[in-house]
Structures are given as structure tokens and as C-alpha cells.
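Presented below is the structure to which this report refers.
The values are calculated or read from the model by the stated rules, or taken from the named source; none is laboratory data. Note that this is a predicted model, so its numbers are computed, not measured. Glycine also receives a Cβ, built like all others from the backbone with ideal geometry; neighbour counts cover every protein chain displayed. Surface accessibility is based on the protein's heavy atoms, side chains included, excluding ligands, DNA and RNA. Shrake-Rupley method; radii C 1.70, N 1.55, O 1.52, S 1.80 Å.
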Amino acid sequence: MNQLQFIKEIKSLNIPVFSTKEASMIVNKDIKYTSLYLSRLLNRGEISRIEKGKYYLKDANPYAVASNIIYPSYVSMMSAFKYYGITTQNLSAIDILTDARHSNGISIGGYNIIFTKIPRRLMFGFYRSKEDGTFVAYVEKAIIDAILIGNLPIPYIEEAYENAKESRILEKGRLSSYIKRIGSKDLKEKINKIEKEVKEIKFRS
């Protein structure tokens, strides 16, 4: 298999991050040959190495790559707001939440990848995008994560909430079910306060 065919196959399979073993199955060669094959692609700049045995294509979506380095993990908080286009803030990092441990220090496409370990009970409310393979929080869970974990300035969350509502991607039923599942009175009060503030901002405008 030539290199162009390999790259085309990776794209068709929608694999943002692939291992040496997965590559060997695609080229139908042993690990030793595949390692040499991947080294050539690295030297040509067609792929990049994340860490030992893990690679991604040069034009891969940074969000997709970041959320496929370890499993389970997903994009959330400000990074999810950016993914959905509901924040005007400029970001230099991609926030990844996971219940596994992983060291930071990885940079992809100009973004620093920040892994944050969270309790297993909070590992819900995300999905895998069929378009680019990104594991990302539903907007409702991204808002909750931003409150519980991100410690973000409230105006940032209010902006995302308002824009999500205007874009009709915020589902109140899902938000309520997530709040109920977590069972935090403090969280519910903060969400209610944000909703009230967003309504007042809209009324004043």
C-alpha cells in the first residue's frame, strides 16, 4: 500500500488517532515494517506523533485528536463552547475530561492539551461526533462541567448559555435530567441564577 492510499484509508475510517498496531493492520505488514513505514510518513510531515505508538494525520481536527488520545475522555467546558461556536473567547488550550490519569505537555495544532481527572460518576453526557470523530460533551454537560470543574468566570458561562439557547442547541429537559442525576443543590441554584441573569440581559437589550 502506498502512502497516499494509507492516508486515504485512515480518513475513510474516521480514526483521529491511530496506533502502530492499527496501522499494521491497514498496511497488512508486521510491526517492525510498519514502524519504518510510519517513520517515513513522519519525516515527510504527513503524520505527527503524539506519544509512543500513537499518531495522527497532519490535517486532523485538533479537538478530535485530543479527545481520542485516551479512552474514555471528552472535550468540555470552554473548549466545548468553542467547538459549538457559542463563545467569543480565544483559546490556546483544549480541555479534556477523563476518569483516567494522563500527563499534560502534549501540543496539537497550536493547542496545549490539558487533561483533568474527574470522578467516574461525572463521566457521562458526551458523544462521538460522526463528522470528525470528536468525543465532546453535550452543551448542557459542558455548562455543568464549567461550573463544577472549570471554575470559569460566570460571564463566560452566561455567554455560552445565551448563545446556545439562541442557536437552539440547548435542551432544557436534558439539562434538568443531568442536574437531577448529579444531585447537587448548589449546582441547581447556580444554573437557575445563570438562567435568570441571561433573561435579564436579554430584557435590558
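Report relative contact order for the stretch 62-203 in percent, whole number only (criteria: Cα-Cα under 8 Å, sequence separation at least 6). All intermediate terms of the calculation are to be shown ahead of the outcome.
Numbers: 195 pairs, mean separation 32.8, N = 142.
It comes to 23 percent, rounded to a whole number.
Ranking SER39, LEU4, PHE18 by Cα position along the charge dipole of the stretch 3-57, where only Lys, Arg, Asp and Glu carry charges on their C-beta atoms, puts SER39 farthest toward the positive end. For the stretch 1-145, DSSP calls about 70 percent of its internal beta bridges antiparallel. Each Lys and Arg Cβ is given +1 and each Asp and Glu Cβ -1; about its Cα centre, the stretch 30-76 then shows a dipole of about 160 debye. Taking every Cα-Cα distance in the stretch 20-113 and sorting them into 5 Å bins starting at zero, the pair-distance distribution P(r) comes out as 3, 12, 21, 22, 16, 13, 8, 4, 2, 0 percent.
Keeping every protein chain in place, order SER92, SER177 by accessible area at 1.4 Å, biggest value first, i.e. largest first. Numbers along the way, then the final one.
Values: SER92 80, SER177 55 Å².
From most exposed to least exposed: SER92, SER177.
Site pair HIS102 and SER39 shows an inter-label distance of 2.7 nm when each label is modelled 7 Å from Cα along Cα→Cβ.
Residue by residue, the stretch 66-72 carries 3J(HN,Hα) couplings of 4, 8, 10, 6, 10, 10, x Hz when phi is fed to the Karplus relation 6.51 cos²θ - 1.76 cosθ + 1.60 (θ = phi - 60°); x denotes Gly or Pro. Solvent exposure of the chain amounts to 56 Å² per residue of accessible area, where only protein heavy atoms count and the probe is 1.4 Å.
What do you get for GluC sites (Glu not before Pro) in the stretch 76-162 restricted to DSSP loop and a cutoff of at most 15 other Cβ within 10 Å of the site's Cβ? Let's see the in-between values first.
Details: sites: GLU131, GLU140, GLU158, GLU159, GLU162; in loops: GLU131.
Sites meeting the loop and neighbour criteria: GLU131.
Spherically averaged projected area of the convex hull of Cα atoms, the chain: 12.5 nm².
The simple spin-label model puts a point 7 Å past each Cα toward its Cβ; for SER167 and LEU4 those points are separated by 3.7 nm. Loop-resident trypsin sites (Lys or Arg not before Pro) (DSSP state other than H, G, I, E or B) in the stretch 9-99 with no more than 16 further Cβ atoms inside 10 Å of their Cβ: LYS29, LYS52, LYS58.
Let's test the formula: R0 of 25 Å, r as the Cβ-Cβ distance of ASP132 and LYS199. What FRET efficiency results, to the nearest 0.05? Don't skip to the end; give the middle numbers.
Values: r = 34 Å, r/R0 = 1.35.
Efficiency at R0 = 25 Å is approximately 0.15.
Dipole magnitude for the stretch 62-203: computed about the Cα centre from +1 point charges on Lys and Arg Cβ and -1 point charges on Asp and Glu Cβ, it is near 540 debye. Counting 0.36 nm for each residue step from TYR71 to LYS29 and taking away their Cα separation leaves a gain of 12.5 nm. Less than 5 angstrom separates the built amide H of ILE106 from those of ILE113, all sequence-distant by 5 or more or on a different chain.
With a 1.4 Å probe and every protein chain kept in, tell me what percent of the accessible surface of the chain is carbon plus sulfur.
On the way: 5520 of 11480 Å².
Accessible surface attributable to carbon and sulfur in the chain totals 48 percent.
Within the assembled protein chains, the solvent-accessible surface assigned to LEU36 is about 90 Å², based on a 1.4 Å probe.
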